[in-house]
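The values are calculated or read from the model by the stated rules, or taken from the named source; none is laboratory data. Everything numeric in this text was worked out from a predicted model, so none of it was measured. Positions of Cβ are generated from backbone atoms using ideal geometry, with glycine treated the same way; all protein chains shown enter the neighbour counts.
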Ligand SMILES: [Zn+2]
């Protein structure tokens, strides 16, 4: 639900940010984009959201410069995070961590590691091994102790997302429109 514009028009940056990412599904779409999902059909498969809703959320994110839409000559379309979009990773990380703390009794559902040295990242994104704050393309995400594969449908997109992988690395699945 969008906040009344009278509220967002006031000098509140949280309200402005929620205008973009506060609607239902939007942060899930952004999370999947970090996990390498790029195609409409793959977002639809993985998230099981109504296509009309997905269309409207993607349009908003492109209009706001969070995603780019690339159409190639063959008619295939890909959505990718922009630099502005990539800056949302700490938001996604923080909300996932909050969810793990309060709603995942068996532990972290997805762990972050530094791809170079395998060090675990702390909740601020610092590698426990080398001490650096790890940039998004060097973060590897993998199932943690609280991860339960039975929570997921078996489809190629979910399988790819649930395998250790670097953020932003594109998922390759048979072409879906
Ligand atoms: Zn490291």
Breaking point among (1) part of a helix (DSSP H, G or I); (2) more than 18 Å from the chain's Cα centre (by Cα), for residue 105: (1)
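Would you kindly identify the helices (runs of 4 or more DSSP H) lying entirely within region 9-77 that contain at least 3 residues that are free of Cβ contacts under 8 Å to residues at least 60 places away in the same chain and over 19 Å from residue 167 (Cα atoms)?
13-21, 51-63
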Test set (1) under 17 Å from the mean Cα position of the chain (by Cα); (2) loosely packed, with under 13 Cβ neighbours inside 10 Å; (3) at pLDDT 95 or above - residue 172 fails condition number: (3)
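So which residues in region 72-100 are over 19 Å from the mean Cα position of the chain (by Cα) and not assigned by TED's automatic domain parsing to the domain that holds residue 20, if there are any at all?
none
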Which numbered condition residue 135 fails, given (1) within 16 Å of the ligand (Cβ to nearest atom); (2) surrounded by 14 or more Cβ atoms within 10 Å (Cβ to Cβ); (3) modelled with pLDDT of 95 or more: (2)
Filtered residue count, region 157-168, keeping only those that are outside any helix (DSSP H, G or I), loosely packed, with under 15 Cβ neighbours inside 10 Å and more than 16 Å from the ligand (Cβ to nearest atom): 1
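Here is a yes/no grid of residues against (1) touching a strand residue (DSSP E or B) at 6+ places or on another chain (Cβ under 9 Å); (2) within 16 Å of the ligand (Cβ to nearest atom):
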| residue | (1), (2) |
| --- | --- |
| 88 | yes, no |
| 97 | no, no |
| 116 | yes, yes |
| 125 | yes, yes |
| 131 | no, yes |
| 144 | yes, no |
| 150 | no, no |
| 155 | no, no |
Condition met for residue 121 (modelled with pLDDT of 95 or more and either away from the ligand (no atom under 16 Å from the Cβ) or in the same structural domain as residue 20 (by TED's automatic domain parsing) (or both)): no
